[in-house]
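Below is one structure, written out as structure tokens; the observations come after it.
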């Protein structure tokens, strides 16, 4: 997508562009294509997730920078070899997109993404319920 392609003139995310983004996002995740997944993010991205807090040594659940995000998600793909997402809904806001999906365990998840133009500068993985392992991460 061209820079700013997701945003209308007043910074609202365009619904059809949001759906196209979500389609590419889920295809990238389901093919476990880390380069394609990361192509949506700025170099200085900040990503939060309770899953990161669970399996990244010394993590407070905040991953800073694309290199750290690559390491986190590479480890996640290694420890969740059957990872698969099914998009349930796509919600738009001002500079923001939320993708509601089911993971390979059938659990509902929201990924809330804040954009800077066409790239994500901030993301938040959020999970429904109190399961201690909502992503199904295996042991090392």
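Taken together, the values in this text are just the output of simple stated rules run on the coordinates, not laboratory data. Only a predicted model underlies this, so the values are computations on that prediction, with no experimental measurement involved. Neighbour counts are summed over all protein chains in view; Cβ atoms, including those assigned to glycine, are modelled from backbone coordinates with ideal geometry.
How much length is gained on full extension from residue 53 to residue 91, taking 0.36 nm per residue of separation minus their Cα-Cα distance? Each step should come with its number before you reach the end.
On the way: separation 38, 0.36 × 38 = 13.68 nm, distance 2.58 nm.
Between residue 53 and residue 91, full extension yields an extra 11.1 nm.
Could you give the length gained by full extension between residue 12 and residue 104, i.e. 0.36 nm per residue of separation minus their alpha carbon distance, to one decimal place?
Details: separation 92, 0.36 × 92 = 33.12 nm, distance 3.10 nm.
Stretched fully, the residue 12-residue 104 segment lengthens by 30.0 nm.
Once both labels are modelled 7 Å past Cα along the beta-carbon direction, what's the residue 126-residue 42 spacing in nm?
The two pseudo-label positions are separated by 2.1 nm.
Round to the nearest 10 and give me the degree value, 0 to 90, for the angle of helix 66-79's Cα axis relative to the longest principal axis of the chain.
That helix lies at roughly 50 degrees to the long axis.
Testing the spin-label approximation: label points 7 Å from Cα along Cα→Cβ at residue 31 and residue 84. State their distance in nm.
1.7 nm
Once you have all Cα-Cα distances for the chain, histogram them in 10 Å bins from zero and send the whole-percent values.
Histogramming the chain at 10 Å steps yields 12, 45, 35, 8, 0 percent.
Per-residue ellipticity at 222 nm for the chain, helices alone: DSSP H runs ≥ 4 residues times -39500 (n - 2.57), over residue total, nearest 500 deg cm²/dmol?
It comes out at -8500 deg cm²/dmol, rounded to the nearest 500.
Mind pulling the angle between the C-alpha long axis of helix 15-30 and the longest principal axis of the chain? Nearest 10 degrees, somewhere in 0 to 90.
Computed tilt is about 30 degrees.
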